[in-house]
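Asks: One structure is given below, represented as structure tokens, and several questions about it will come after.
Just so it is clear, none of the values below were taken in a lab; they were calculated from the coordinates. Being a predicted model, the structure only gives us computed values, none of them experimental. No Cβ is skipped: glycine too gets one built from the backbone with ideal geometry, and neighbour counts run over all protein chains shown.
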Amino acid sequence: MRTISNYYCSERLLSTDRKLFRPMGGGRDVRETCLTSQKLGFDIDIIRTLLDTLTEPSFIFADFNLHHPLWGSNDSSRFGNKFADWLTDSNCVILNTSTPTHTSPGCKQSLLDLTFYSKSLLCHSDCFVVDSSFESDHSPVVTTCTLFQHKQRYLTENYDDNNSFNVILVNNTYVTNPSEQSNFFADFYGKSFSEHEPLSIQYTVDVESSLNSNFHLQEYLAIKNSKTATPGPDNISATFFKKLNVNARLYILEQFQRIFDRMHVPKTWKHAIIIPIPKPNKDKLLITSYRPIALTSVFSKIFERIITKKITNFLTSRKKLNPRQFGFLPYRDNRVATYALYSAIYKARKEKKCFLGVSLDIQKAYDSVYIDGLIYKCLEIGIKGNICGWIHHSLLQRTFQVRWRKTLSDISYLHNGLPQGSVLSLVLFAIFMSDFFETIEHGVECLVFADYIFIFCAHQSLEYITKKLQKTIDNVYQWCTYWKLSISAEKSTIADLSSKTILDRINISFNGVRIPWKESITFLGIHFSKRNQNRSILNSIRNKDIKRINALKRIAFKHYGPRARDLIILTDNGICSFFCYASQIINKLPDSHMKACNIIQTKALRIALGVPQWTPNKVLLQMADQEILSEKIKRLSLQFFIKQISINPLSSIYKKDSDQFNIILTEPDKILLSNNLSDLNINWEYIIFGPTFLQLPSDSLSIVTSKYCFQSKSLPHSCINGMFKETLRNDFNQYFIISTDASKSQRITSIAEVSEFSSFAFRIHHTNSIFTAEALAICQAIDDLAIPDKPLLFLTDSFSVLLALQNFSSKSPSVIHKLIHKLVEKSLTNNHITLLWIPGHSTILWNEKADFIAKLVTEHSP
């Protein structure tokens, strides 16, 4: 069936026509509904009952004369919001959401003609707008629908090279040969890099020992946290390394140490295979419409991950970077950055100040990094010795080839910039931007997230702000010129985010080019607006989620498609996650706004589960095993603020006054946080403070999870118990044994510790998880039961705690940092400490006694 829809408008709704079409070639009947609309917009309430009675399959098309972000409009109307709500609740899916269909007399284009299909028709239907208008202000909308038996499609996990576009336009010439195309791509990507004059660099002055210390097996084990990514030119994947035994890992570690000591970088580590991936909604004929994705050696990635961990620990523990620099660093995530901007705007509005912000866009930031300038900054910041030399050598004389339509281009060289796909590039770029804050004038503040820069100033005088911002922008231009970076003034923006009315817009220019104004600004995914900021943030998230709910309908089929469990995961991570991401900002909104969040969640879950509309929300959430979104937002915001308190000096929302660090919270957040802690009966002194950057001493501390035969739950309990006793006699005869365990009920959480001479049990706050309780049990046992001058053996059935200790990093939970600190401190007074995992409930006497005491305290009434 092929239909070209004709649309017309009238002053009022005149009629509704229902027609029955028989698809060409036979098949099921399809109901088509043709509607006319009002001049000021279509009111869905007039025919809501009629539309709800339509049976599948059916489709609707009309000139609705409505505006809403769901179909590409910049704003929304009252009727548009009502219609979007109906569409979200209905069983229909909108097809045309991007191409304008109407041109007004002032040449303003908008999308007014909409087409909706039943979900059952979605895989059989298509819709597009014809360029010719046939002397009408509306463009024809062509819809196609076929119900022939179609071949079932499968989603592939890897990118198929055969999907590459066969024709490329270069210099007004069409190129079809794959080899020529790949070489044109290589020339284009090679031109993105420019050469700079080399500097004389000395690596070995005042070498920092922590950065140049020998590699440890624990650092190599970080590969467990890496993803099973696509292999590089050597075709070796990360799975290969994860399955190696200890001896093979030690051999690789020795080779890594030799490479590090000699500051040598293998050529295969410097070579990358680049695959051009088409950008969405771009012309595939043009080379500029493709994003390069680099595949590098997994050997190199593992080595770089070890180097990256050393550098990030050094930068964080020594506080080498400005607290307002965010991105790809411990405790510097984008949620902290967005809250820092939100609190600055809130403060300016409370003090009735003007607030102007300028966002700057660095062009080809990573590709333009001046390598010798980067190494110079590394030396200035304290990164010296072999680690600096190896980094410098790894960035020089890099090569790449482009893979296009199963053809490799000739080898090309990269003379500048940071390599794409490198684990180390993100941290190195943060170092390259570390001195940017020297350009900021007094009274002006700046937030930097990777290559995104936001400069703002708050003051009662608009003239003062203008002068300070212009001086800062001039300093930025000089800094960019010196370090070979460029900023696009056309892509940069300036916005007024204060509550005061500014009659005349000020002029701020970058290198003589005026920076354009905008009514609002989006900072790291959060929409900040001058008017009604809280509602603006919530509405922007809601509009994004409505589009994703419409996309969820496209794949949520009863007979084929993803399973309900996978659709629930998509709902949680792809729709509700936007609200969770902004929880630190929207947590204080009134209940009416929070209800809007819950509506989005329940709508998406109904589609995912395929349940009827009348299903109670409580039943729906129980079926999906989900927490109500409004409560989840409050819980995540509380966790966010408690985390910032626990890492206090390292948090970017802390400010140092005299000799003390004070957290910078808005007044509503201070009240809300105080009330939440009071409701939970939590005192500030009970929060675990501060991370540690200590290294586990491998010579005096052992963590054993799979070395012995009894460490397997599949064995009978009698075998486990017998082999455990034999292990104690053979390997731990001289050790002082301590056993720990934890128990948790609905209201009470307890920990227990048992030794040869004494035993203790404690109740801790019921909000602690069983993981935290198990870690705290070991911490408490170190303080209470450990004796000096004798090796210690700690027995625990918490495999997750021992695994967290093995994979310890700056991102580990605070309780693991606390446990690491106590273990390192205690290892100085004892010969050796061993933490041994034993299978739970396997009749081992030590474990059973600790488990009994912990449960006794939990079950006994207070």
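Asks: Taking amide H positions as placed in the peptide plane 1.01 Å from N, state which residues far from S702 in sequence (5 or more) or on other chains have amide H under 5 Å from it.
Replies: Excluding prolines and chain starts, which carry no amide H, the hits are I833, T834, L835.
Asks: Separation of segment 326-370 and segment 256-275 by C-alpha centroid, Å?
Replies: Spelled out, the Cα-based centre of one part sits 35 Å from the other.
Asks: With N set to the number of residues, divide the alpha-carbon radius of gyration of segment 331-479 by 2.2 N^0.38 Å and report two decimals.
Replies: Ratio of Cα Rg to 2.2 N^0.38 Å: 1.32.
Asks: How big is the chain along each principal axis, measuring the range of its Cα positions in Å and listing the largest first?
Replies: 95, 71, 62
Asks: So, by mean Cβ neighbours within 10 angstrom, what's the order for 61-74, 249-262, 515-528 with the highest one leading?
Replies: 61-74, 515-528, 249-262
Asks: For segment 558-618, what are Rg and Dmax over the alpha carbons, in angstrom?
Replies: Answer for segment 558-618, Rg first and Dmax second: 13.1, 42 Å.
Asks: Can you sort M433, M623 so the residue with the fewest Cβ neighbours within 10 Å comes first?
Replies: M623, M433
Asks: Given the -39500 (n - 2.57) contribution per DSSP H run of 4+ residues, what per-residue ellipticity at 222 nm results for the chain, rounded to the nearest 500 deg cm²/dmol?
Replies: So the calculated ellipticity at 222 nm is -11500 deg cm²/dmol.
Asks: Now a separate question. How would you rank S812, S182, S702, going from fewest to most other Cβ atoms within 10 Å of each one's own Cβ?
Replies: S702, S812, S182
Asks: Also: Starting from the Cα of K191, draw a straight line to each of the lysines and keep only those under 24 Å, dropping any in the same chain fewer than 8 residues away.
Replies: K267, K270, K279, K282, K284, K364, K406, K484, K491
Asks: Skipping prolines and chain starts, which residues have an amide H placed within reach, meaning under 5 Å, of the one on D43, given they are 5 or more residues away or on another chain?
Replies: Q38
Asks: Nearest 5 percent is fine: what portion of the DSSP beta bridges confined to the chain is antiparallel?
Replies: Roughly 75 percent of the beta bridges in the chain run antiparallel, per DSSP.
Asks: Here's something else I'd like to know. If I take every Cα pair under 8 Å that is 6 or more residues apart in segment 533-686, average their sequence separation and divide by the length, what percent do I get for the relative contact order?
Replies: 22 percent
Asks: Same structure again: Given L211, G512, I306, which one lies farthest toward the positive end of the charge dipole of the chain, if we put +1 on the Cβ of every Lys and Arg and -1 on the Cβ of every Asp and Glu?
Replies: Going by the charge dipole, the pick is G512.
Asks: Dipole of the chain (Lys/Arg Cβ +1, Asp/Glu Cβ -1, origin at the Cα centre): which of F42, W479, H832 lies farthest to the positive side?
Replies: Looking along the dipole axis, the top candidate is F42.
Asks: Which residues' amide hydrogens lie under 5 Å from the amide hydrogen of Y290, considering only partners 5 or more residues apart or on another chain, with H built in the peptide plane?
Replies: Close amide H contacts, sequence-distant or interchain: K279.
Asks: Right, another one. Within a 10 angstrom radius of the beta carbon, how do S714, S297, S139 rank from fewest other beta carbons to most?
Replies: S714, S139, S297
Asks: Further question on the same structure: Give the relative contact order (percent, whole number) for the chain; include only Cα pairs under 8 Å separated by 6+ residues.
Replies: 9 percent
Asks: With r as the distance between the Cβ atoms of N617 and N177 and R0 = 60 Å, compute the FRET efficiency 1/(1 + (r/R0)^6) and round to 0.05.
Replies: Computed FRET efficiency for N177 and N617: 0.50.
Asks: Report, to the nearest 10°, how far helix 533-555 tilts away from the longest principal axis of the Cα atoms in the chain, using its own Cα long axis and a range of 0 to 90°.
Replies: Relative to the chain, helix 533-555 is tipped by roughly 80 degrees.
Asks: Next question, about the same structure. Give, as a single signed number, the net charge of other residues whose beta carbon lies under 9 Å from the beta carbon of T101, with Lys and Arg counted +1 and Asp and Glu -1.
Replies: -2
Asks: What is the magnitude of the charge dipole of segment 407-477 about its Cα centre, with +1 placed on the Cβ of each Lys and Arg, -1 on the Cβ of each Asp and Glu, and no other charges, expressed in debye to the nearest 20?
Replies: Here segment 407-477 has a charge dipole of around 120 debye.
Asks: Modelling each spin label as a point 7 Å along the Cα-to-Cβ direction, I'd like the I663/R405 distance in nm, to one decimal.
Replies: Label-label distance for I663 and R405, simple model: 5.9 nm.
Asks: Oh, and also: Within the set K595/K632; K347/K670; K347/K643, which residue pairs have Cα atoms separated by over 18 Å?
Replies: K347/K643
Asks: Across all directions of projection, what mean area in square nanometres is found for the Cα convex hull of segment 533-686?
Replies: Value for segment 533-686: 11.1 nm².
Asks: Right, another one. Only Lys, Arg, Asp and Glu count, each charged at its Cβ (+1, +1, -1, -1), so figure out the dipole size of segment 340-451 about its Cα centre, rounded to 20 debye.
Replies: With only Lys, Arg, Asp and Glu charged at Cβ, the dipole is about 500 debye.
Asks: With unit charges on the beta carbons (Lys and Arg positive, Asp and Glu negative) and the dipole taken about the Cα centre of the chain, which residue among I820, Q533, C446 sits farthest to the positive side?
Replies: Of the listed residues, the answer is Q533.
Asks: While we're here: Using a simple charge model, +1 on the beta-carbon of Lys and Arg, -1 on the beta-carbon of Asp and Glu, nothing else, what dipole does the chain show about its Cα centre, in debye to the nearest 20?
Replies: Magnitude of the dipole: close to 960 debye.
Asks: Now for a separate question. Please report the spacing between the Cα centers of segment 698-721 and segment 414-468 in Å, no decimals.
Replies: That distance is 51 Å.
Asks: Once the convex hull of the alpha carbons of segment 701-859 is built, what does its volume come to per residue, in cubic angstrom?
Replies: Convex hull volume per residue, Cα atoms: 111 Å³.
Asks: Please compute the Cα-Cα pair-distance distribution of segment 328-410 with 10 Å bins starting at 0, giving whole percents from short to long.
Replies: 12, 22, 26, 23, 12, 4, 0
Asks: What FRET efficiency would be calculated for the residue pair D591, K267, taking the C-beta separation as r and a Förster radius of 45 Å, to the nearest 0.05?
Replies: 0.10
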